[in-house]
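Undergrad: Take a look at the following structure, please.
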Amino acid sequence: MMSLLADDPRDRWSSLDQAERNAAYNNNAAVADSQDWIERRNRDSAAYRQRRGALLDLPYADISDRTAFDLYPSENPSAPCLIFLHGGYWQRNSREVFACVAEGLNATGWSVAIPGYSLAPLASLTDIVAETGKAIDWLSAHGPDYGISGPLVIAGWSAGAQLAVLHLGHPGIFAGLAISGVYELAPLRDTHLNDALRLSQSEIETLSPLRLAPATKPLTIAYGVDELPALVHDAVKLFTMRETRGVPGKLLPIAGANHFSIISELQKPAGLLVKAAVDLLADV
């Protein structure tokens, strides 16, 4: 499969200048209408957050106003729940602007829970991983108090996908859906993204999913066919590593999707990512 993909710029990383290294991970620049997609997402999220009967701003840790959940519970407390971790290279965005991802699964009868987390540079990546772990702990313990007692599926987009994969082994999680993620952190240290992240060698070694033994629970790894090559190659490599080790999962390339348009597949009840989430529980 790798031979069908665009060349991975990291294969010639040492020969790239700073601008080329930055471009390898610059999703906004790679998608000509990225700002339109972002504005649409934010607008749809504001409308859904206001319209849908939701439980908002529930703190899961006493750290900041970011360490809180927005819950979109099903009418059925036993329904499955998708925990969605937002992206933004661990340094931007918030749970509020991703409310729209709850729409498709809510329509199928699922609950959706969207936690926030602290951002770099105020928080290190180690801090962010710990916070999102606390979020899962909190929902596992307190979800039934808010009408969420069904199986938990961890999901994330972009930076959130890396967090989702790291937490797949959490005892409260049944399966995972990783969307358009970064699974090897080392090259990021050579880009502008590291100005805020300040990645340590220890973080690269212990928080890069491609360097870790995979959790044995089902994981679907999705990406847009029109994504940056580095992200596509990370997705394929993570799937291949897991497949080689005999753990369950699927690779889901979505034709015509870029890093931003892929989110719409969670907004539609018949969206490919909604179907992928539903199908995961058939494997549990």
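Undergrad: What is the number of the single condition among (1) touching a Lys or Arg at 6+ places or on another chain (Cβ under 6 Å); (2) among the acidic types (Asp, Glu); (3) over 18 Å from ARG41 (Cα atoms) that ASP70 does not meet?
TA: Result: ASP70 passes all but (3).
Undergrad: Which condition number does ILE179 fail, the rest of (1) within 24 Å of ALA23 (Cβ to Cβ); (2) out of contact with any Phe, Trp or Tyr (no Cβ under 6 Å at 6 or more places or on another chain) being met?
TA: Just one mismatch for ILE179, condition (2).
Undergrad: Turning to a different aspect of this structure: Can you tell me which residues in the stretch 229-246 are surrounded by 19 or more Cβ atoms within 10 Å (Cβ to Cβ) and free of Cβ contacts under 8 Å to residues at least 40 places away in the same chain?
TA: Scanning the stretch 229-246 gives PHE239, ARG242.
Undergrad: Further question on the same structure: With the requirement that a residue be part of a strand (DSSP E or B) and under 27 Å from LEU280 (Cβ atoms), what does the stretch 49-74 give you?
TA: LEU55, LEU56, LEU58, ALA68, PHE69, ASP70, LEU71, TYR72
Undergrad: Quickly run through the stretch 224-255 and pick out the residues that are basic (Lys, Arg), over 19 Å from ASP7 (Cα atoms) and outside any loop (DSSP other than H, G, I, E, B).
TA: Those that are basic (Lys, Arg), over 19 Å from ASP7 (Cα atoms) and outside any loop (DSSP other than H, G, I, E, B): ARG242, LYS250.
Undergrad: Right, next: Which numbered condition in (1) polar (S, T, N, Q); (2) touching a residue at least 60 places away in the same chain (Cβ under 8 Å); (3) surrounded by fewer than 24 Cβ atoms within 10 Å (Cβ to Cβ); (4) in contact with a His (Cβ under 6 Å, 6 or more places away or on another chain) is the only one that SER180 fails?
TA: Of (1) polar (S, T, N, Q); (2) touching a residue at least 60 places away in the same chain (Cβ under 8 Å); (3) surrounded by fewer than 24 Cβ atoms within 10 Å (Cβ to Cβ); (4) in contact with a His (Cβ under 6 Å, 6 or more places away or on another chain), only one is false for SER180: (3).
Undergrad: Consider ASP44 against the criteria (1) touching a Phe, Trp or Tyr at 6+ places or on another chain (Cβ under 9 Å); (2) in contact (Cβ under 8 Å) with a residue 12 or more places away in the chain; (3) not in a loop (DSSP other than H, G, I, E, B): it satisfies all of them except one. Which criterion is unmet?
TA: (1) is the only condition that ASP44 fails.
Undergrad: PRO77: part of a loop (DSSP other than H, G, I, E, B) and over 25 Å from LEU207 (Cβ atoms), yes or no?
TA: yes
Undergrad: While we're looking at this one, here's another question. Does at least one position in the stretch 201-220 carry a residue that is among the hydrophobic types (A, V, I, L, M, F, W, C) and touching a strand residue (DSSP E or B) at 6+ places or on another chain (Cβ under 6 Å)?
TA: Yes, the stretch 201-220 has at least one match.
Undergrad: From the list ILE262, ILE221, which one is part of a helix (DSSP H, G or I), crowded, with 22+ Cβ neighbours inside 10 Å and touching a residue at least 40 places away in the same chain (Cβ under 8 Å)?
TA: ILE262
Undergrad: Pull out all pairs, ordered by first then second residue, where Cβ-Cβ is under 9 Å, the residues are six or more apart or on different chains, the first lies in the stretch 1-26 and is closer than 22 Å to PHE260 by Cβ, and the second is in a helix (DSSP H, G or I) and at pLDDT below 95.
TA: Within 9 Å, the pairs are ASP8/MET2.
Undergrad: Now for a different question. Is at least one residue of the stretch 159-166 more than 21 Å from ARG242 (Cα to Cα), among the hydrophobic types (A, V, I, L, M, F, W, C) and at pLDDT 95 or above?
TA: no
Undergrad: If the requirement is being within 18 Å of VAL236 (Cβ to Cβ), of a type in the set (Gly, Ala, Ser) and modelled with pLDDT of 95 or more, which of these qualifies: ALA155, ALA186?
TA: Just one listed residue meets the conditions, ALA186.
Undergrad: Condition first: among the charged types (D, E, K, R), touching a His at 6+ places or on another chain (Cβ under 9 Å) and either surrounded by fewer than 21 Cβ atoms within 10 Å (Cβ to Cβ) or free of Cβ contacts under 8 Å to residues at least 12 places away in the same chain (or both). Now tell me which residues in the stretch 85-144 satisfy that.
TA: Result: ASP137, single match.
Undergrad: Of everything in the stretch 24-50 that's over 30 Å from ASP7 (Cα atoms) and surrounded by fewer than 14 Cβ atoms within 10 Å (Cβ to Cβ), which residue is modelled with the lowest pLDDT?
TA: Of everything passing the filter in the stretch 24-50, GLN50 is modelled with the lowest pLDDT.
The values are calculated or read from the model by the stated rules, or taken from the named source; none is laboratory data. The structure displayed is predicted, hence computed values, not measured ones. Every residue, glycine among them, receives a Cβ derived from its backbone with ideal geometry; neighbour counts consider all protein chains shown.
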